[in-house]
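Participant: For reference, the structure I am asking about is given below.
The values are calculated or read from the model by the stated rules, or taken from the named source; none is laboratory data. Note that the structure is a prediction, hence the values are computed from the model and not measured. Ideal geometry is used to build each Cβ from the backbone, glycine not excepted, and the neighbour counts take in all protein chains shown. Ligands, DNA and RNA are stripped out before the accessible areas are found, and what is left, the full protein with its side chains, is counted by its heavy atoms. Shrake-Rupley method; radii C 1.70, N 1.55, O 1.52, S 1.80 Å.
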Amino acid sequence: MNIRRTIASVGLVALMSLAGCQRDNEPRVTPTSSTNRTDSTNTQPDNTGRNEVDRTGDTKTPFDQSESSSAIKITADIRRAIMDDDSMSFNAQNCKIMTDKSGVVTLRGVVNSQAEKNSIDAMAKATAGVARVDNQLEIKTN
């Protein structure tokens, strides 16, 4: 039985080593650089421009999320409700949810429709411990 484990371990290590290899003739893509993208559209994600404003503006960002256990639970409960709703788009599932220590929830990001914006707002308001919801979600324009 030990021989089987040894063979399985060696095989796993060899497989992991091969998975990290890349041939020299394949294009290399740097994840943080949009100029090296291999697709022909070279488009940016929906929230790229908004993230730039967040860095320079006086708006809430995920760094403003309280580290209190109650705020983390509120944020997780809202995220879970959004993820459990199969009608939510990828954009809606990736909206920013920040909860401060007093239970005020800020929603930011881009959603595909007014219905998604309203639904996420309702989910946040229905979550236990939420004092108020500041819904700053934006609707995708194109």
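Participant: With +1 on the Cβ of every Lys and Arg and -1 on the Cβ of every Asp and Glu, and nothing else charged, how large is the dipole of region 76-142 about its Cα centre, in debye rounded to the nearest 20?
Facilitator: 200
Participant: Tell me the per residue accessible area of region 92-134 using a 1.4 Å probe; a whole number in Å² is fine.
Facilitator: Using a 1.4 Å probe on heavy atoms only, each residue of region 92-134 averages 42 Å².
Participant: Enumerate the amide H contacts of I139 below 5 Å, restricted to partners 5 or more residues apart or on another chain; note that Pro and chain-start residues carry no placed amide H.
Facilitator: Correct list: V111.
Participant: If you take the charge dipole of region 66-137 about its Cα centre, with +1 on Lys and Arg Cβ and -1 on Asp and Glu Cβ, which of I120, M98, V110 is farthest toward its positive end?
Facilitator: Looking along the dipole axis, the top candidate is M98.
Participant: Ok, one more. Check which residues have an amide H placed less than 5 Å from D134's amide H, if you skip close sequence neighbours.
Facilitator: Close amide H contacts, sequence-distant or interchain: V105, T106, L107.
Participant: Excluding residues on the same chain fewer than 8 positions from K117, give the lysines whose Cα lies under 23 Å from its Cα.
Facilitator: Candidates past the 8-residue exclusion: K60, K73, K96, K125, K140.
Participant: Using packing as a proxy for protection, rank 111-121, 77-87, 96-106 so that the peptide with the highest average count of other Cβ atoms within 10 Å comes first.
Facilitator: Order by mean packing, descending: 96-106, 111-121, 77-87.
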